[in-house]
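The next block holds one structure in the form of structure tokens; read it before the comments.
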Amino acid sequence: MTDAADLVDLRSDTVTRPTDGMRKAMAEAEVGDDVYGEDPAVRALEERVAAMFGHEAAMFVPSGTMGNQIGMRLVCEPGQEILCDADAHVVTYEMGAAAAIFGISTRTVVSDRGLLDADALIEQVRPKSDWHLTATAAIAVENTHNRGFGRVQPLDQLQKLWNWSREADVAVHLDGARLWNAHVASGVPLATYGGLADTASVCFSKGLGTPVGSVLVASEARIAAARLWRKRLGGGMRQVGVLAAACTYALDEHLPRLGEDHEHAQLLATRLGVDPATVQTNMVVLDDVAAPLIAEAAKAQGVLVSQVSARRVRLVTHLDVDRAAVERAADVLNGLLDR
Ligand SMILES: *Cc1c(COP(=O)(O)O)cnc(C)c1O
């Protein structure tokens, strides 16, 4: 058996543990009651993230799901619909929250592994002016795309959708749980991405390696409304600056190193015979493999992977796997893949 410390956990970038430096920043955070708006660490983080994305305001939330759902509620009334791709996180992994909590209808368009196709979405939009139809209030886009295995959305498609949306009076919500990875991989400034969305949610608990935390950015007026929704959902937190401090630390120390995860994913792809061109950020997919067998045999040798389906395995690089760990995982998997 392998020690927990020797495990190479490639299941997800959510499995990271806070580093000593992060724990220190958390311990030293200056805090207050954030429901009173008095937590300096939370305020500093919110102001910093709003500025990074070129938005007026921001709000700290406990999870990306809460950021997405409140973000969508801000731009969609009950009985209206949000359009997104069929594999979007907001309709796949958020427990039907838009419908269950907010009375928002969702409609999906099948995509090529999450690739944003502005025209395909635009074609499906139903106008607000026709009282026969469920009105499409907003379109949700995801960057990078989770079920698209870390795909970075093409900037021209984001721009096309945005330009069209201004004329059409349809809002754009950005699920940017891994927008940091898109930014690092593409070199597109965060403010450019922020400028192509009315509301955007970004996560700190994925590639940036905090234990918890997401931030929703939008206009001043929308964030004021968002604070009401957050409290109503039970997301009002008190001396939560200990968590915000971890996020600020991650922006300083972990965002600049995120490219390493992408290099490690490239290395894994190369070593495992996967076309490196299909790996855009920190996820590698092994197709046409006996996923349950590989996962079990790899685990016995201290390497954890995700089974996406019976024939597909996913590997995700992150802060807690260094180059040596990636090499070791590649050795183990190569022994099992019979390639
Ligand atoms: C992880 C993730 C989220 C948010 O998930 P939480 O677990 O609620 O923080 C949202 N969107 C995408 C694309 C994600 O990968």
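Here are some notes:
- Strands (runs of 3 or more DSSP E) enclosed by segment 23-118 - at least 2 residues per element that are farther than 29 Å from Gly241 by Cβ: 81-85, 105-109
- Within segment 103-125, considering residues that are of a type in the set (A, V, I, L, M, F, W, C) and over 10 Å from Leu161 (Cβ atoms), the one surrounded by the most Cβ atoms within 10 Å (Cβ to Cβ): Ile104
- From the list Val61, Val42, the lone residue that is within 15 Å of the ligand (Cβ to nearest atom), touching a helix residue (DSSP H, G or I) at 6+ places or on another chain (Cβ under 7 Å), under 16 Å from Thr210 (Cα atoms) and at pLDDT 95 or above is Val61.
- Matching option when the condition is away from the ligand (no atom under 16 Å from the Cβ) and more than 23 Å from Ala50 (Cα to Cα), among Val125, Val170, Val188: Val125
- Within the option set Val188, Val212, being surrounded by fewer than 20 Cβ atoms within 10 Å (Cβ to Cβ) and touching a Pro at 6+ places or on another chain (Cβ under 8 Å) holds for one residue only, Val212.
- Remark: Trp180 matches the filter, which requires a residue to be in contact with a Gly (Cβ under 9 Å, 6 or more places away or on another chain), within 16 Å of the ligand (Cβ to nearest atom) and of a type in the set (Phe, Trp, Tyr).
- Residue in segment 136-150 that is surrounded by fewer than 22 Cβ atoms within 10 Å (Cβ to Cβ), of a type outside the set (Asp, Glu), at pLDDT 95 or above and away from the ligand (no atom under 16 Å from the Cβ) present: no
The values are calculated or read from the model by the stated rules, or taken from the named source; none is laboratory data. Fair warning: this is a prediction, and the values are worked out from it, not measured in the lab. No Cβ is skipped: glycine too gets one built from the backbone with ideal geometry, and neighbour counts run over all protein chains shown.
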